[in-house]
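The structure appears below as structure tokens.
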Amino acid sequence: MAETFRHRIANDADIPALREVMRLAIEQLQHQFLSPVQVAASHKVMGLDSQLVRDGTYFVVEAGGRIAGCGGWSFRATLFGGDDSIVAREPARLDPLRDAAKIRAMYTDPAFVRRGVGALILDLCEAAARQAGFARVELMGTAAGVPLYRSCGYSPLGPLDQVAVGEVLVPLQRMIKSLV
């Protein structure tokens, strides 16, 4: 029997639970791709940008009363990074005729991996960005996320990026997809 997922737009009351899903995802899903020091450093690069919640562009996917995953899209220039990250954020609005919308802060609770949660969130984000007039979307993928993004039609945009957290380098891959 197929699992039933419901989705909705996140609200401020969700933020503590979303941060916990993100913590679990970073700590339990990145270790297959990164060293323990890189996983620890990832917390300073990744996370929730609460601007997405305020903008109404952040989705929550639920199953059985639990958050199975979350992720959003943005009409702002910031490509990645959360409220507590070392990454500078740029709140400027994008031009849908010229710029690519940003897919942001995609996380799946480790208890729900490989069940279609990530693909569902991508579909929701892409549809919303398309409806807002964007013809392309881009994202900064973690090592754990890149296989999903590739399978959903995203292509690398340039070489692998390395974000420095002190002496530790965290690998990330900028990726793009056409929505037309």
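The values are calculated or read from the model by the stated rules, or taken from the named source; none is laboratory data. Remember, predicted model here, so these are calculated numbers, not experimental data. Positions of Cβ are backbone-derived with ideal geometry, glycine not excepted, and every protein chain shown enters the neighbour counts.
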Discussion item. Is it the case, given these coordinates, that ALA10 is closer than 16 Å to LEU139 by Cα, surrounded by 15 or more Cβ atoms within 10 Å (Cβ to Cβ) and in contact with a helix residue (DSSP H, G or I) (Cβ under 9 Å, 6 or more places away or on another chain)?
Written reply: no
Response to the item:
Restricting the stretch 134-147 to residues that are in a loop (DSSP other than H, G, I, E, B) and either among the polar types (S, T, N, Q) or touching a Leu at 6+ places or on another chain (Cβ under 7 Å) (or both), the one farthest from HIS7 (Cα to Cα) turns out to be ALA143
Worksheet entry | Among (1) surrounded by fewer than 20 Cβ atoms within 10 Å (Cβ to Cβ); (2) closer than 24 Å to LEU157 by Cβ - the single one VAL45 does not satisfy | (1)
Worksheet, complete the sentence: If we ask which residues in the stretch 114-140 are farther than 14 Å from VAL60 by Cα, aliphatic (A, V, I, L, M) and surrounded by fewer than 17 Cβ atoms within 10 Å (Cβ to Cβ), their number turns out to be 3
Practice prompt. Filter the stretch 129-161 for residues that are in contact with a strand residue (DSSP E or B) (Cβ under 8 Å, 6 or more places away or on another chain) and on the phi > 0 side of the Ramachandran plot and give the result.
Written response: GLY153, GLY158
Fill in: ARG150 closer than 25 Å to ASP14 by Cβ and either part of a strand (DSSP E or B) or at pLDDT 95 or above (or both)
no
Worksheet item: Do we find a residue being of a type in the set (Val, Ile, Thr) and either surrounded by fewer than 17 Cβ atoms within 10 Å (Cβ to Cβ) or in contact with a His (Cβ under 8 Å, 6 or more places away or on another chain) (or both) anywhere in the stretch 157-164?
Response: no
Fill in: Residue among ILE103, ILE67, ILE15 that is within 16 Å of the chain's Cα centre (by Cα), β-branched (Val, Ile, Thr) and surrounded by fewer than 17 Cβ atoms within 10 Å (Cβ to Cβ)
ILE15
